[in-house]
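Working notes, beginning with the structure itself.
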Amino acid sequence: MAIQILDVNEGHADYLCDESRRVGHAETICFPRSTTEVAQALEAASTNGWPVTIQGGRTGITGGCVPDGGLILNLSRMNAIGEINGDTMAVQPGALLADIRKAVGGGGDPALFFPSDLTETTASIGGMVANNASGARSFRYGAVRNWIQALEVVLANGETIHVERGVHKADGLGFKLGGIEGMLPDLSHLRRCDGIKNAAGYFVKPDMDLVDLFIGAEGTLGVVTEITIRLLPEPGQMNGLTAFFAAEEEALEFVRFLRGAGPGARPSAIEFFDCQSLALLRRMKAENAAFSDLPKLESGCRTAIYFEFDCEVPDAVVEKADEAVDCWFAEGAHEIEALKKFRHAIPESVNMLIGERKKTIPELTKLGTDMSVPDDRLEDVMRMYHDGLAEAGLEYVIFGHIGNNHVHVNILPRSMAEYEAGRALYFDWAKQVVEWGGSVSAEHGIGKLKTSFLELMYGEEGIEKMRVLKTLFDRDGRLNPGNLFI
Ligand SMILES: Cc1cc2nc3c(=O)[nH]c(=O)nc-3n(C[C@H](O)[C@H](O)[C@H](O)COP(=O)(O)OP(=O)(O)OC[C@H]3O[C@@H](n4cnc5c(N)ncnc54)[C@H](O)[C@@H]3O)c2cc1C
């Protein structure tokens, strides 16, 4: 039976936005259940000249799945999770991270786990692949790219290809995939952020595994219709600690100490909460019943580092953490989950706060950064954020993946004038981060909201080369137009 194409105006208006709150427009929508139906949808789009916007869980925060006319290809009904096969598992793109975790942690022998741990567990695996998503534990386990063995992809011309790590490789920069062959663009002299956490633009390098082309491509090269993920044996033990400090400098010094903990003693996560984040949590606990069960924070706790070990916590680390103002300890996945609720409470509080402000200023949104810098720029970047925000008089919180020098600054504007001031500041920061050899997006991707940032990183020449690559796979520019570049 042919795929059903529906009118967006008939009860599907909810599908016009994602978590960035950008609202798009489209004429038609479909919900394929199989690879064949995806190919049928692309054929219909080609016949009718529709641009196609691919959607997973719509938790993205850069507008990547927000349509700009044409057909919405929503993959939420392609959510089957296969059987575990050795250390791999095949899943459909619409499967949610929470459901994959449940399926993997179902008590198998040996017990296995999927190392990708986004804060937002209603993200779909297809969206995670498209954005090369990360999580707190990426400090040890890396981004989702590391855990993808193979992909099935439907290309814009309707052809279905299968790409497997270790099997389908580029020859230098030359490649052939299905009926498509050509040269990958040489971005090496433009890409200045090797070794930095990075989800900005295409991943290209000589002799690469071709599966990596589609990871982080934000749906611009093809529709991912099946994913084979790799699993790891579950660690024998997990320990999580939150150490509180009186000053941010002490917290940063502790981060450097943790990074140097040595081979075999590498933490799986190192996360940061600044003074304003802790103040926001104190306020939410006092004022909002939904946050009343958050643990009480002593008054001397002004900055915090949350860190996790998938092994016994080394003695030297315990001793150092004892010097902190306060330290909370959690053992095993269950107790760690409780500590993580504390971490999750920050973005939740931010969203509630902005939600309140939107009631009087509907156009207002938060401004959230997602940039990473090299190790030796950690203190510089933190100083840059604090100084700029203080000078502009903006309200903000800073939290996130400090182990990878990747924190999220959330600017919380109280007026449109503050929103514009925050945007200008963010753009200046992005220029500086690029100068330092960092990335303008470490995990959220570029989507439609950060295309000017990608140009800062790669220049016009780099963007042009990326355009040429897209054209090889998608001659008419039909898939996810507006993502990465305009
Ligand atoms: C509270 C909160 C916390 C978050 N925490 C994290 C975090 O810890 N780490 C992190 O990395 N991100 C985080 N995010 C961002 C978001 O969850 C990720 O970007 C996630 O990868 C998006 O997945 P999705 O299924 O929702 O994708 P969508 O938002 O639906 O789409 C994202 C992009 O992927 C494309 N796409 C989706 N499916 C496919 C497919 N099958 N084939 C090709 N392209 C596809 C879309 O077109 C779009 O460009 C967070 C978001 C929120 C709201």
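FYI, it's all coordinate maths here, none of it is from the lab. Quick caveat: nothing in here was measured; it's all calculated off a predicted structure. Glycine gets a Cβ as well: all are built from the backbone with ideal geometry, and neighbour counts include every protein chain shown.
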Taking the Cβ of residue 167 as the center, what net charge do the other residues with Cβ under 14 Å away carry, scoring Lys and Arg +1 and Asp and Glu -1?
-3
Any idea what the relative contact order of segment 70-164 is, in percent, if you count C-alpha pairs under 8 Å spaced at least 6 apart?
19 percent
From the phi angles alone, apply the Karplus equation (6.51, -1.76, 1.60; θ = phi - 60°) to segment 409-414 and give each ³J(HN,Hα) in whole Hz, x where the residue is Gly or Pro.
8, 9, 8, 10, x, 9
Extreme residue, positive dipole direction of segment 390-486, given options 429, 458, 477 (C-beta unit charges):
477
Relative to 2.2 N^0.38 Å, what does the C-alpha radius of gyration of segment 6-74 come to as a ratio? Two decimals please.
1.04
Here P(r) for the chain, Cα-Cα distances in 20 Å bins, as whole percents, is 23, 57, 19, 0
3J(HN,Hα) from dihedral phi, segment 70-83, Karplus parametrisation 6.51/-1.76/1.60, rounded to Hz, x for glycine, proline:
x, 10, 8, 9, 9, 9, 5, 8, 8, 10, 6, 10, x, 7
Rounded, prolate or oblate, given the Cα gyration tensor of segment 81-234, with a/c below 1.5 counting as rounded?
prolate
Sum -39500 (n - 2.57) across every DSSP H segment of at least 4 residues in the chain, then divide by the residue count to get the 222 nm mean residue ellipticity, nearest 500.
-10000 deg cm²/dmol
Cα shape, segment 229-309, gyration tensor, a/c 1.5 rule
oblate
Highest to lowest packing among 150-156, 473-479, 219-225, 281-287, scored as the average C-beta count within 10 Å:
219-225, 150-156, 473-479, 281-287
How large is ³J(HN,Hα) for each residue in segment 10-24, as worked out from phi by the Karplus curve 6.51 cos²θ - 1.76 cosθ + 1.60 (θ = phi - 60°), to whole Hz, x for Gly and Pro?
9, x, 10, 4, 4, 7, 8, 9, 10, 6, 6, 6, 5, 10, x
Segment 239-435, dipole about Cα centre (Lys/Arg Cβ +1, Asp/Glu Cβ -1), debye to the nearest 20:
820 debye
For a quick check: with amide H placed at 1.01 Å from N, whose amide H comes under 5 Å from residue 406's, ignoring anything fewer than 5 positions away on the same chain?
401
